[in-house]
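Structure first, commentary second.
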Amino acid sequence: MIFSPELIALATYLAGEFDNQAQASAEPVWYVHLRLWQRPVPIFLEDSLTLFIEQASVVNLDKPYRQRIARLRANPSAPSELQVQYYMFKDPNTFRGAGSNPELLRQIKASDIELLPGCTLAVSQQLLTASSYKFSAVLPASSRCCFTYQGEIRQVFLGFEATPAELLSYDKGIDPATGKALWGAVLGPFRFAKCQDFSNELPVR
C-alpha cells in the first residue's frame, strides 16, 4: 500500500530506540533514566504502519516492560486525519525483549494481541518546514483508556509529541476511582532523544 507523506513522517519519527539521559541527569529526583524501543512490526500491513513498543529502566535493561502495539493509520471515519490505535499482548512475556531482538519481533502476529478499547489517539500535525512536521497525539476528551490486569481495572492516559529532534511522552497511570496520576509523566513529559534509528525497517515505498 502507498501511505501518505504525513503517515510516513510520523512513523519515521517514532521508529527508533530512545533515551532520556539528559532529562534524567538534570532532574534525577523526578525522572527515571529510561530506554524506549519503538520498532516496526509487520502486521496490519493492509492499511497501517505498526510499532512494537516497550521500555526499561537503564539500570535493568534486561527487564523491559509495558509491551504494547501502536497501529498508525488514517482515521477510517476521516481519511485526511491520522490516528494511533493501541493494542495489548495476550501474553506480554512471550515477546519481552523484542525491541532489541528482531528475530523475536518477526514472530508477532495479529492473533497475539487484542484491541485496547478507548485507547485510540487523534493525531494533529503542524508543518515546520517543507519536509518536517510536529505531531501531537492525544486521547479524545470522551475517551478512557482502561484494561484489566491481574484482575484489576487499570487506566492510563496516553499522549505524545514528535518532531525530527525529540519525542515527548505524556503517558501516565491513572487511579480510575479518583482520577489521580499514579506514575509516569506526572510532572511533565518524558523527553526522549533517538539514539538508534529503525525507520529503515518500515514497509514503505
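Some observations on this one:
- The charge dipole of the chain, taken about the Cα centre with unit charges on the Cβ atoms of Lys, Arg (+1) and Asp, Glu (-1), comes to about 180 debye, rounded to the nearest 20.
- The helix-only estimate of mean residue ellipticity at 222 nm for the chain, built from DSSP H runs of length n ≥ 4 each weighted as -39500 (n - 2.57), is -2500 deg cm²/dmol after division by the residue total.
- Region 5-201: relative contact order in percent, alpha carbon pairs under 8 Å with at least 6 residues between: 20 percent
- In terms of overall dimensions, the chain has a Cα radius of gyration and Dmax of 16.2, 49 angstrom.
- Across the chain: Cys residues that no other cysteine approaches within a C-beta distance under 4.7 Å: CYS146, CYS195
- Sequence-separation-based contact order of region 136-205, relative, with Cα cut under 8 Å and 6+ spacing, percent: 22 percent
- Counting only aspartates and glutamates at least 8 places from LYS63 when in the same chain, those with an alpha carbon closer than 19 Å to its own are GLU17, ASP19, GLU54, ASP91, GLU103.
- Region 75-119 and region 1-44: distance between their alpha carbon centers, rounded to Å: 15 Å
- Percent of C-alpha pairs per 10 Å bin in region 1-117, short distances first: 13, 41, 31, 13, 1.
Quick note: the coordinates plus some simple rules give every number you see, no bench work behind them. Only a predicted model underlies this, so the values are computations on that prediction, with no experimental measurement involved. Every residue, glycine among them, receives a Cβ derived from its backbone with ideal geometry; neighbour counts consider all protein chains shown.
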